[in-house]
1. Quick one: residue 22 ticks every box in (1) modelled with pLDDT under 95; (2) among the polar types (S, T, N, Q); (3) closer than 29 Å to residue 10 by Cβ except a single one, so which number is it?
2. May I ask you to list the residues in segment 72-93 that are at pLDDT 95 or above and among the small types (Gly, Ala, Ser)?
3. Right, residue 70: among the charged types (D, E, K, R), over 14 Å from residue 92 (Cα atoms) and surrounded by 14 or more Cβ atoms within 10 Å (Cβ to Cβ) or not?
4. Kindly evaluate residue 67 against the criterion of being part of a strand (DSSP E or B) and touching a residue at least 40 places away in the same chain (Cβ under 8 Å).
5. I need the full set of residues from segment 36-64 which are part of a loop (DSSP other than H, G, I, E, B) and small (Gly, Ala, Ser), in order please.
Amino acid sequence: MSGRIEGLGERPVVTITFGGRQLAAFEGDTVAMALWADAQVALRQSSRNGAPRGVFCNMGICYECLVIVDGVTVRGCTTLVRDGMVVERGGKP
C-alpha cells in the first residue's frame, strides 16, 4: 500500500470508499490517516472562503478534518475505519 511505513506489523486490510473510489486501509487506522496515506490531504473546504482544509491537530480538538462517514459528519482524526464505510469530503463548521 502506498504511503505506508514498512515494518509496522501486519494488520487486516479493510476497504473504504472515498470520492466514489475504493481505497485499502489498515484496520485500526483513523479515516484521516487512511486518506492521508492515499495522498488525500484536502478533506473539506472552508465554509468562510472555500480554502481547502485537512488534518491540523490530529487529536480531535479542531474541526479541520471533518468528513462525512455514512451520512454523518465526524472528525476524521478520531474515527476508525471499518470495512465498507463510505467517506465523503466534509463541510462546516
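The values are calculated or read from the model by the stated rules, or taken from the named source; none is laboratory data. This structure is a prediction, so every number in the text was calculated from the model and none was measured. Every residue, glycine among them, receives a Cβ derived from its backbone with ideal geometry; neighbour counts consider all protein chains shown.
1. (1)
2. 76, 84 - these are the residues of segment 72-93 that are at pLDDT 95 or above and among the small types (Gly, Ala, Ser).
3. Spelling it out, it is not the case that residue 70 is among the charged types (D, E, K, R), over 14 Å from residue 92 (Cα atoms) and surrounded by 14 or more Cβ atoms within 10 Å (Cβ to Cβ).
4. Judged against the criteria, residue 67 is not a match.
5. Those that are part of a loop (DSSP other than H, G, I, E, B) and small (Gly, Ala, Ser): 39, 42, 46, 47, 50, 51, 54, 60.
Condition check ((1) surrounded by 13 or more Cβ atoms within 10 Å (Cβ to Cβ); (2) within 14 Å of residue 81 (Cα to Cα)) across all residues:
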residue: 29; (1), (2): yes, yes
residue: 34; (1), (2): yes, yes
residue: 44; (1), (2): yes, no
residue: 52; (1), (2): no, no
